[in-house]
Amino acid sequence: MSKFGLLFCWILLLGFSSCKGKRKLVEHPMANWDGRKGSLETLWASHRLEPDFFSFRSSAAMEQNGSRTSFQLEMRMRKDSLIWMNFSDPILGIPIVRAILLPDSFAMYNKLEKTYKTGDASGIREMLGLEVPFEALQAALLANLPVQFSLDSATALSQTVLALYPHRVAINAELRLLDPLMIAGPWRPSSFGVGWTNSADRLLVKYEAYREAAPGLFYPSHWQMDLLSSAPTKLLLDIQEASVQPQRFPFSIPSSYQPTP
């Protein structure tokens, strides 16, 4: 797979996002939680980020096999229907790859190589190596847990962090949610893992420094993803700005570009 294809796949699967707002949110003690799982579920559900539109601009880096690849990423999203991404040179800001993902199809093109690739849902599965539900992917990009569940119990690990013990942990037939932690105050994820049912590989996502990017919009300013496998990979994201305003999604493959296998 080409480098731009690999970057695209990682962002699609692991694009748990973050942002720098103007005001830092101080993590609060759990004054609003009375120790009952029902009240915690209410807090958690009421603080999920679920706008009709969402976008961010970020600087990013991927580390693998002793090398580090830096790039700029802009992502735009429309609820339940579309994810649009633009990858650019980290210094000059020149666009390199543009991609669009729909619930049943995808398309992407590389301006440097003058190539493109399109496909249906089976093509997405082939590129990623597993099936990721579109709604779970959008939830992940919004820094929500990728699946909703009912709690068995919850344990306070500190004044600001709760360990959640859910009834249901399956994301789909291939993926399961592991060890979710929640931060009090914004009542958003602190970290969680994703495991494969047929593999020992694990994905660990950690969030840091939630900020209020806009009134009522809480988003982590940094996150780190670690793929624990035979080829360990780390993805880092630092968001400069985030928005819930309506967005445009320009995408047109030039007629002179050639398809890739």
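Considering only region 70-114, state which residues are over 22 Å from GLN138 (Cβ atoms) and basic (Lys, Arg).
Scanning region 70-114 gives LYS111, LYS114.
Run PHE56 past the list (1) in contact (Cβ under 8 Å) with a residue 60 or more places away in the chain; (2) out of contact with any Cys (no Cβ under 8 Å at 6 or more places or on another chain) and report the number of the one that doesn't hold.
(2)
When you look at PHE71, is it at pLDDT below 90 and under 15 Å from LEU237 (Cβ atoms), yes or no? First the steps, then the outcome.
On the way: at pLDDT below 90: no; under 15 Å from LEU237 (Cβ atoms): yes.
Answer is no for this residue.
Tell me the residue from ALA45, ALA60 that is modelled with pLDDT of 70 or more, among the hydrophobic types (A, V, I, L, M, F, W, C) and exposed (fewer than 14 other Cβ atoms within 10 Å of the Cβ), please. Please lay out each step first, then the result.
On the way: ALA60 fails: exposed (fewer than 14 other Cβ atoms within 10 Å of the Cβ).
Criteria check complete, one pass: ALA45.
Filter region 131-181 for residues that are in a strand (DSSP E or B), closer than 26 Å to ALA200 by Cβ and not hydroxyl-bearing (Ser, Thr, Tyr) and give the result.
Within region 131-181, ASP152, ALA163, LEU164, PRO166, ALA170, LEU175, ARG176, LEU177, LEU178, ASP179, PRO180, LEU181 meet the criteria.
Which residue is modelled with the lowest pLDDT, if the candidates are limited to region 112-139 and must be surrounded by 16 or more Cβ atoms within 10 Å (Cβ to Cβ) and farther than 30 Å from VAL169 by Cβ?
Here the answer is LYS117.
Strands (runs of 3 or more DSSP E) wholly in region 62-127 with at least 1 residues that are within 26 Å of GLN245 (Cβ to Cβ) and in contact (Cβ under 8 Å) with a residue 24 or more places away in the chain - which ones?
Numbers: elements: 67-78, 82-88, 95-102, 105-110, 115-120.
Counting at least 1 such residues, we get 67-78, 82-88, 95-102, 105-110.
Within region 42-51, is even one residue touching a Ser or Thr at 6+ places or on another chain (Cβ under 9 Å), touching a residue at least 60 places away in the same chain (Cβ under 8 Å) and not in a loop (DSSP other than H, G, I, E, B)?
no
Looking at this structure, is PHE16 modelled with pLDDT under 90, in a loop (DSSP other than H, G, I, E, B), of a type in the set (Phe, Trp, Tyr) and crowded, with 20+ Cβ neighbours inside 10 Å? If you could, list the steps in order and put the result at the bottom.
Working: modelled with pLDDT under 90: yes; in a loop (DSSP other than H, G, I, E, B): yes; of a type in the set (Phe, Trp, Tyr): yes; crowded, with 20+ Cβ neighbours inside 10 Å: yes.
It is true that PHE16 is modelled with pLDDT under 90, in a loop (DSSP other than H, G, I, E, B), of a type in the set (Phe, Trp, Tyr) and crowded, with 20+ Cβ neighbours inside 10 Å.
For region 137-188, enumerate the residues that are more than 30 Å from ALA121 (Cα to Cα) and touching a Gly at 6+ places or on another chain (Cβ under 9 Å).
Matches in region 137-188: LEU151, ALA154, ALA156, THR160.
The values are calculated or read from the model by the stated rules, or taken from the named source; none is laboratory data. Remember, predicted model here, so these are calculated numbers, not experimental data. Glycine gets a Cβ as well: all are built from the backbone with ideal geometry, and neighbour counts include every protein chain shown.
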